[in-house]
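The values are calculated or read from the model by the stated rules, or taken from the named source; none is laboratory data. None of these values were measured; they are calculated from a predicted model. Methodologically, a virtual Cβ is constructed for each residue, glycine included, from the backbone with ideal geometry; neighbour enumeration extends over all protein chains shown. Accessible surface is based on the protein model in full, side chains and every heavy atom, while ligands, DNA and RNA are left aside. Shrake-Rupley method; radii C 1.70, N 1.55, O 1.52, S 1.80 Å.
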Amino acid sequence: RYEILYLFGGVYVDADMECLRSIEPLLVGLPHGTAFFAAREDGVQVNNAVLGARVGSPVLAFLLRNQVRWVEYVVQRGYRNVWDSTGPNYLTAAL
């Protein structure tokens, strides 16, 4: 999802998410202003279940550039699940 959004821009939403209100205010800035937005899991965790970005977002460029290094880091520490390696824990640590 990070690479697709980086290349094409737009919005990614997991199929199990329920929209409780319009995301239109988030979309207004995407073409020219806001480079990236993500959902909050709670007061600490950022979730990658809802992501939006414009083409070439610097945030997504950073995520893509550092993904392999992060996966190696978490695997060395015994974590082997998506949540830690590419999901919310990676996104939270990167931001």
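Here are the numbers:
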read-out	value
All positions within segment 70-87 that are in a helix (DSSP H, G or I), surrounded by 14 or more Cβ atoms within 10 Å (Cβ to Cβ) and of a type outside the set (Phe, Trp, Tyr)	VAL71, VAL74, ASP84, SER85
Residue check for LEU63: touching a residue at least 60 places away in the same chain (Cβ under 8 Å) and of a type outside the set (D, E, K, R)	yes
Scope segment 16-32; condition at pLDDT below 85, among the hydrophobic types (A, V, I, L, M, F, W, C) and open to solvent by 90 Å² or more (accessible area, probe 1.4 Å); matching residues	VAL28
Test set (1) open to solvent by less than 50 Å² (accessible area, probe 1.4 Å); (2) more than 13 Å from TYR2 (Cβ to Cβ) - GLN67 fails condition number	(2)
Strands (runs of 3 or more DSSP E) contained in segment 1-57 and holding at least 3 residues aliphatic (A, V, I, L, M)	46-53
Answer from ALA93, ALA61, ALA39, ALA35 - the residue that is modelled with pLDDT of 90 or more and not acidic (Asp, Glu)	ALA61
Meets criteria (farther than 19 Å from VAL11 by Cα, basic (Lys, Arg) and surrounded by fewer than 16 Cβ atoms within 10 Å (Cβ to Cβ)) for ARG40	no
Top-ranked residue of segment 4-15 - restricted to ones that are farther than 17 Å from VAL59 by Cβ and touching a residue at least 24 places away in the same chain (Cβ under 8 Å), ranked as surrounded by the most Cβ atoms within 10 Å (Cβ to Cβ)	VAL13
